Amino acid sequence: MEMIQNYWNNTSWSSPVQLDGKTVIITGANTGIGKETARDLAKRGARVIMACRDLEKGEAARKELVENSGNPDIVVRKLDLSDIKSIKEFAEVINTEEKQLNILINNAGIMMCPYWKTADGFEMQFGVNHLGHFLLTYLLLDLIKRSAPARIVNVASVAHTWGSIRLDDINSEKSYAPRRAYGQSKLANILCTRSLARRLQGTGVTVYSLHPGVVCTELWRNLSKPIQVAVKVFSPFIKTSAEGAQTSIYCSVEPQLEKQTGGYYSDCAPARCSREACDDEMAQNLWELSCNMLGIEWD
């Protein structure tokens, strides 16, 4: 049992890299792998900005991380990725108050929820997991470029294999299946990582997408009771939040990745994604559609 568990939860990577003088933003940093990523990067000396929808929970997590890491330079800022207005307000605060942004970790997400829409009329999973982070990255990109070398890390999932990009029904208005919609949003993360990496060639900004592993976090709260029971049964083979955060940390700090961009990672190593996730024509179509949905122009 222990041998199988260790194989399943491969977390053998570690690094002494320090981030003193660097600034990091992590979305969804008050819980789960976002919180554990924040804990690790704070211990490395970074200024950590926790972008959270719930400020009360964010502040409680901040206090814990300050005490645990010994790093007082951790702050909480309001960000609701389901609301374009909130994203723009957050970006304005960051662009006004921060001199640099060395690492942006697009971590927050919602998983397999019932059908509902964001404040701006997007299907919730596609709106939060993809469009919200797409817009956030767009609004912060000038600051990130000025801070180069810099990194953008997109937390995707092996669940990208569950769905396809449905350009003719991107908001799942004709039909909705929670699992398929979640897969579509995670596939969008990987496709746009590839597109953004090409667009940022020569800027000193590198981009990565990743699968954190099967991690039991608050993301599971929308799953059916039978699935939640099954999760408990298989819990010895499911990663803890700290273990699940390792690939996010790896993509954020590993020196050997400085010359790599656009790749997909799992268990702190390059990984293979689906054929659809490597479709550059679809990536371009999705990029153009995303810009149109958000009303932005991104060359």
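Structure values in brief
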{"read-out": "Residue list for region 166-195, restricted to those being outside any helix (DSSP H, G or I) and not small (G, A, S)", "value": "R166, I170, N171, E173, K174, Y176"}
{"read-out": "Condition check for D120: over 17 Å from L200 (Cα atoms) and charged (D, E, K, R)", "value": "yes"}
{"read-out": "Condition broken by G213, with the remaining ones in (1) modelled with pLDDT of 95 or more; (2) surrounded by 13 or more Cβ atoms within 10 Å (Cβ to Cβ); (3) assigned to a loop (DSSP other than H, G, I, E, B); (4) not aromatic (F, W, Y) satisfied", "value": "(1)"}
{"read-out": "Wholly within region 219-299, helices (runs of 4 or more DSSP H) carrying at least 3 residues that are of a type outside the set (V, I, T), at pLDDT 95 or above and crowded, with 17+ Cβ neighbours inside 10 Å", "value": "246-253, 280-294"}
{"read-out": "Pick from region 93-107, criterion within 20 Å of the chain's Cα centre (by Cα) and in a loop (DSSP other than H, G, I, E, B), ranking: nearest to N30 (Cα to Cα)", "value": "N107"}
{"read-out": "Residues of region 26-71 classified as buried (at least 18 other Cβ atoms within 10 Å of the Cβ) and part of a helix (DSSP H, G or I), total", "value": "16"}
{"read-out": "Residues satisfying the stated conditions in region 72-92, i.e. within 21 Å of N189 (Cα to Cα) and in a loop (DSSP other than H, G, I, E, B)", "value": "L79, D80, L81, S82, D83"}
{"read-out": "Residues satisfying the stated conditions in region 114-153, i.e. under 15 Å from Y182 (Cα atoms) and assigned to a strand (DSSP E or B)", "value": "K117, E123"}
{"read-out": "Residue within region 96-108 that is surrounded by fewer than 16 Cβ atoms within 10 Å (Cβ to Cβ), farther than 26 Å from T247 by Cβ and either touching a Lys or Arg at 6+ places or on another chain (Cβ under 9 Å) or not polar (S, T, N, Q) (or both) present", "value": "yes"}
{"read-out": "Any chance K35 is modelled with pLDDT of 95 or more and farther than 18 Å from L81 by Cβ", "value": "no"}
{"read-out": "Number of positions in region 50-84 that are over 20 Å from the mean Cα position of the chain (by Cα) and basic (K, R)", "value": "1"}
{"read-out": "Hits in region 13-31 - residues which are small (G, A, S) and in contact with a Ser or Thr (Cβ under 8 Å, 6 or more places away or on another chain)", "value": "A29"}
{"read-out": "Residue identified as farther than 22 Å from E281 by Cβ, without any contact (Cβ under 8 Å) to a residue 60 or more places away in the chain and in contact with a Ser or Thr (Cβ under 6 Å, 6 or more places away or on another chain) among V128, V153", "value": "V128"}
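Residue-wise test of (1) under 19 Å from C291 (Cα atoms); (2) in contact with a strand residue (DSSP E or B) (Cβ under 9 Å, 6 or more places away or on another chain).
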{"site": "N95", "(1), (2)": "no, no"}
{"site": "K99", "(1), (2)": "no, yes"}
{"site": "C113", "(1), (2)": "no, no"}
{"site": "L140", "(1), (2)": "yes, yes"}
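The values are calculated or read from the model by the stated rules, or taken from the named source; none is laboratory data. Computed from a prediction, not measured in an experiment: that's the story for all the values here. Cβ coordinates were reconstructed from backbone atoms using ideal geometry, including for glycine residues, and neighbour counts include every protein chain displayed.
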